[in-house]
Amino acid sequence: MDKLRIRGGQPLHGSITVSGAKNAALPLLAATLLAPGTHTLHNVPDLRDTRTMLQLLQIMGATWERDGSTVQVNTGQLTGAEAPYELVKTMRASVLVLGPLLGRTGYARVSLPGGCAIGARPVDYHLQGFQALGVKSSMKGGYVEVRAQGRLTGGSICFDIPSVTATENLLMAAAKAQGQTVIQNAAKEPEVGNLIDMLAAMGAQIQGKDTDCLTVTGVEELHPSEVRIIADRIEAGTYLMAAGAAGGRLEVKGCDPSHLTVLIDKLRTAGMEIEVKGNCCTASCSVSDNGTPCPLTAVNITTMPYPGFPTDLQAQFMALMSQSSGVSIIHETIFENRFMHVAELQRLGAEIVVEGSRAVVTGLARGQLVGAPVMATDLRASASLVIAGLAASGTTEISRIYHLERGYERLAEKLCRVGAAIEQIPG
């Protein structure tokens, strides 16, 4: 397997353009199953996960073509409604085909999903939502099977905890249900809003976008649409923190700063300079007399559903805080097993102690991290190791970078263009 070799201590200067959001592209690609015809999606990132979703659509009879970041998907003739284990084992978002297949055909069979080992992410919320629409479900042989007798019927569901994928799945199923569906305590992430925009362009009637109460009035028919994937806020945030770790001045272009408000506030509190103008964020750190970045101030975070601090940026923020002055407390409330990157950061010299759902980070002086061989355990953990490697002295080798390739489009290439010393080593 390929590795990344990073020579740390190189400041970042220049600009990076953010790709489309993985977490928006996947549900929007799945939504093409709802309406027969040719759908056009712009700004689709070329990632392992988006390629897997396209393979999954192809297995079900869809055809697709990619021209740069534009993907056209023709779902005119579906030949199957099953998502096999061979594909689903690599990507939890495969479960997102359940909703649109139910809406269009009344039946779907999907292998229990895989993906990053960051904690339990059961499909219970999805099935509870489908049940409210009159759907019967069963689980056997490692597969989830959902079936409706005739057309779905509107209903009400209140999630105990906001779930992004369950909200998205229920939105897609309810779009063609008879009557009205109300989703309470719905997820408010921008990616959910992007899906709502696509469904509306297809003819769906949805009220409450950007709120935690969504009302869907079902329609009999939907039609293909043309839509643009929003910018990846997690990728943008990762680059802002990379600038904080490595030093320099980095412009992150093509992002939506309104999706990064809580992160920007935390970075400014830590002592970084963040300039926001239009769809750009420019990050820099004050420099001492000898030309090295000044120490950052330790900052506490608690991960929360949007608009709170994203769990998908927690690992990267921890790597940044390893370069701070003082002690920061990082409280993870979303996934119970999302501290697996701690052991790898410790291999680089980071001082981190895990206490249940909290991690206590004692910051080190700039340059005190020392390069070492490390292993990526999941997608965002791999990004945290890149950030730590940029800050460390010496050379850091990151193995199992296929995790990184699931969610970041040409990350090493983009960082090299702004001064990072990163080399991909064939495995």
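The values are calculated or read from the model by the stated rules, or taken from the named source; none is laboratory data. Just so it is clear, the structure is predicted and the values come from calculations on it, not from any experiment. Virtual Cβ from ideal backbone geometry, glycine too; neighbours counted across all protein chains shown.
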### Message
Consider the stretch 233-261. How many of its residues are closer than 30 Å to Ser393 by Cβ, among the charged types (D, E, K, R) and out of contact with any strand residue (DSSP E or B) (no Cβ under 6 Å at 6 or more places or on another chain)?
### Response
1
### Message
Condition (residue is modelled with pLDDT under 95, over 20 Å from Leu78 (Cα atoms), surrounded by fewer than 24 Cβ atoms within 10 Å (Cβ to Cβ) and not charged (D, E, K, R)) applied to the stretch 186-202: is it met by at least one residue?
### Response
no
### Task
Out of Thr261, Thr217, Thr181, Thr211, report the one residue that is among the β-branched types (Val, Ile, Thr) and crowded, with 24+ Cβ neighbours inside 10 Å.
Thr181
### Query
If we scan the stretch 225-239, do we find a residue that is over 24 Å from Gln314 (Cβ atoms), under 20 Å from the mean Cα position of the chain (by Cα) and among the aliphatic types (A, V, I, L, M)?
yes
### Task
Return yes when Glu235 is at pLDDT 95 or above and part of a helix (DSSP H, G or I) and no when it is not.
yes
### Query
Thr303 passes all but one of (1) in contact (Cβ under 8 Å) with a residue 40 or more places away in the chain; (2) under 24 Å from Thr167 (Cβ atoms); which number fails?
(1)
### Message
With touching a residue at least 24 places away in the same chain (Cβ under 8 Å) and in contact with a Leu (Cβ under 7 Å, 6 or more places away or on another chain) as the only criterion, which of Gly367, Gly407 stands out?
### Response
Gly407
### Message
Return the pair list, or none, for Cβ contacts closer than 9 Å from residues in the stretch 345-360 that are within 13 Å of Val374 (Cα to Cα) to residues that are among the polar types (S, T, N, Q) and part of a helix (DSSP H, G or I), at least 6 apart or on different chains.
### Response
Leu345/Ser384
#### Entry: Condition check for Leu28: modelled with pLDDT of 95 or more, of a type outside the set (Asp, Glu) and outside the structural domain of Ile196 (by TED's automatic domain parsing)
no
## Note on the structure
The condition from (1) basic (Lys, Arg); (2) touching a strand residue (DSSP E or B) at 6+ places or on another chain (Cβ under 7 Å); (3) over 27 Å from Cys416 (Cα atoms) that Arg5 misses is numbered (3)
### Message
Can you name every one of the strands (runs of 3 or more DSSP E) wholly within the stretch 1-87 that holds 1 or more residues which are buried (at least 23 other Cβ atoms within 10 Å of the Cβ) and aliphatic (A, V, I, L, M)?
### Response
3-7, 12-17, 38-42, 70-74
### Sole residue being in the same structural domain as Gly237 (by TED's automatic domain parsing) and out of contact with any strand residue (DSSP E or B) (no Cβ under 6 Å at 6 or more places or on another chain), chosen from Gly394, Gly407
Gly407
